[in-house]
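Each remark here refers to the structure printed beneath this line.
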Amino acid sequence: MRRSAAGIGLVLLAATLSAAPACKRSDSIVVVTVDADAAVTGVFQLRAFVSNADETTTRFFPPTPAAQPIAFQTSFSLSVPPERMGGLDIAIDGLDAGGGAVANGAATVALLPGDTATVTITLHTGPSMCGNGVVDSGETCDDGDRFSNGN
């Protein structure tokens, strides 16, 4: 079953662009396709951490947990203001019916003002070790953030 969410607004810090006013450029659209390993089951909601230029926004798909588990492959879209550009990091948690993380995945996509970008993220079983506030094997630090942002 394929579900999609209408453009999920993303408001982040402004970046300097060309002299053309932002009102004359259209938003960038990012189409996120989410797939899952065969072992991933019982995902009722996706929590997306979307980061660009040290600003992170959290969005949920669907907005409230679904009545039935999400069937993968699924997709949703993000609408990004035209003044945003560069790498857009997207980390996704698959949440169970109680809101606990049972799967995770992440990817980065390049944003160009007014462009449409696509990215596929595959969920793997278990919660992400990155951002749990504990220095796990293979990490040099863990500041509680899903993205490095230089920390």
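Residue under question is residue 118, and the condition is that it be under 18 Å from residue 70 (Cβ atoms), part of a strand (DSSP E or B), over 11 Å from the mean Cα position of the chain (by Cα) and of a type outside the set (Lys, Arg); does it hold?
no
When the residues of region 109-120 are narrowed to those that are surrounded by 16 or more Cβ atoms within 10 Å (Cβ to Cβ) and within 14 Å of residue 78 (Cβ to Cβ), which ends up modelled with the highest pLDDT? So that I can check it myself, show each step before the final result.
Narrowing region 109-120 to residues surrounded by 16 or more Cβ atoms within 10 Å (Cβ to Cβ): 109, 111, 113, 117, 119.
Those still in the list that are within 14 Å of residue 78 (Cβ to Cβ) too: 109, 111, 117, 119.
Numbers: 109: 92, 111: 87, 117: 93, 119: 96.
If we take residues in region 109-120 being surrounded by 16 or more Cβ atoms within 10 Å (Cβ to Cβ) and within 14 Å of residue 78 (Cβ to Cβ), then 119 is modelled with the highest pLDDT.
Residue 84 - would you say it is surrounded by 21 or more Cβ atoms within 10 Å (Cβ to Cβ) and closer than 18 Å to residue 27 by Cβ?
yes
Could you tell me which numbered condition residue 39 fails, if it satisfies all but one of (1) surrounded by 15 or more Cβ atoms within 10 Å (Cβ to Cβ); (2) under 18 Å from residue 129 (Cβ atoms); (3) of a type in the set (Gly, Ala, Ser)?
(1)
Check 61, 76 and return the single one that is touching a Phe, Trp or Tyr at 6+ places or on another chain (Cβ under 9 Å) and within 20 Å of residue 26 (Cα to Cα).
76
Go through (1) in contact with a Lys or Arg (Cβ under 9 Å, 6 or more places away or on another chain); (2) of a type outside the set (S, T, N, Q); (3) not in a strand (DSSP E or B) one by one and return the number of the condition residue 94 breaks.
(3)
Output the qualifying pairs, or none if there are none: Cβ atoms under 8 angstrom, residues six or more apart or on different chains, first residue in region 64-84 and more than 26 Å from residue 52 (Cβ to Cβ), second residue part of a strand (DSSP E or B) and aliphatic (A, V, I, L, M).
65/95
Filter region 87-102 down to the residues that are among the β-branched types (Val, Ile, Thr) and surrounded by 23 or more Cβ atoms within 10 Å (Cβ to Cβ), then identify the one that is farthest from residue 71 (Cα to Cα).
90
The values are calculated or read from the model by the stated rules, or taken from the named source; none is laboratory data. Just so it is clear, the structure is predicted and the values come from calculations on it, not from any experiment. Methodologically, a virtual Cβ is constructed for each residue, glycine included, from the backbone with ideal geometry; neighbour enumeration extends over all protein chains shown.
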